[in-house]
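Following: one structure in structure tokens, then a few remarks.
Please treat every number below as a calculation from the coordinates, not as lab data. Please read all numbers here as calculations on a predicted model, not as lab measurements. Glycine also receives a Cβ, built like all others from the backbone with ideal geometry; neighbour counts cover every protein chain displayed.
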Amino acid sequence: MDHIGSIATFAQRMRLISRSCYLEIERKIMMRPFRKKFFLIMLLGLVASSFGGTANAAAPALQLSVSGKLVKSELSPIAVGGSVLVPLRTVSDALGATLSFTASTNTATIGKWQTSVALTAGSGIAKVTRWTQEPAELKLTSVPKIINGRMYVPIRFLSETFGYVVYYSGGTVFIRPPINPADQATLTSGSLEDARQLMIKLVFGSALRSEPEPLKPNHTSEYYGFSYLFPRGEALRFYYFEDDTVRWIEYREGFLVATYQARLNEDDPVRLFLQGKWTEARGSTPSPGKDGFYYYSYGYSGDNREESSGQVDAGGKLDVTAYYRKYGPPELNIGQIAYSLPGEARAERVKIDVPQV
């Protein structure tokens, strides 16, 4: 009997536990609709507040900065599919470019430094013409658009075609010249020596532009030679000699711009130029150097190189005062290569642009 009683007691306890479990499960099931309603109400509240915030505080408009200055316009740039489109008139004015528009085809032509870009609304092809060359057709990653009667164009493609650097930061699209701000500071406010050394290097970079169609240098030997004539006291304007050509180059808007060029005999181009013996002149003839020039020359052939500096007097006579040569193991060093003349002070005769970012 004791054994049977124990079994009955155990069975009764199990029934009680089962009843408790059933009530708990029923309670949870009954709570589910309430929880669903609660979470639904919460979700609707969050969505409503989200829409309310959007309506009350719209996303800030994109800004455009060109050469360190914010561009003021009634129309802001817009983002389209990962690209930025800007109002045509706004960007052409900011870059100092010319602009023409053909309404019948919705085609805009923007020009600067003898380079023109033709963009047509709705077309993914741009036509780029440099000097008198045939137009090149280039594919666009973003198509120009007409929005509310105004044409918007892809800012990166247009700016980079003219040689500018484009980047985005903090809601602003920045467009700056290819010469970085630190180098611009050296050119505009550095010493005469530092500014000239930098100009000599920059000729070989992406900052060089040309107004007249460039003459292609004729290179006929293994020797590569480059010479420079800077007017006394100046670093931002100079004659640049390469093989059988000469160019007059000026610092403008963060670029180096060639405004004149001619062809010479490559055997002795500097002396021939000083004697007025050149051909195929293009562009506006400059008239600097009434007080003479600072002279610098550099050349190389394989591992061999030579370097010289000196001056040209007011009468056009060239005087080399320092010379360095290394051909194989022997070296020849006469005088000290310098980037200014004795007692020469910086005195630029052109407007100095403020360094840009």
* Which of the trypsin sites (Lys or Arg not before Pro) across the range 225-334 are loop residues per DSSP, with 10 or fewer other Cβ within 10 Å? -> 290
* Please go through the residue pairs 112/145; 139/216; 127/351; 72/139; 112/216; 112/139 and name each one whose alpha carbons sit more than 32 Å apart in this structure. => 127/351
* Return the loop-located GluC sites (Glu not before Pro) in the range 153-241 (DSSP other than H, G, I, E, B) with at most 15 other Cβ atoms within 10 Å of their own Cβ; answer none if there are none. => 222
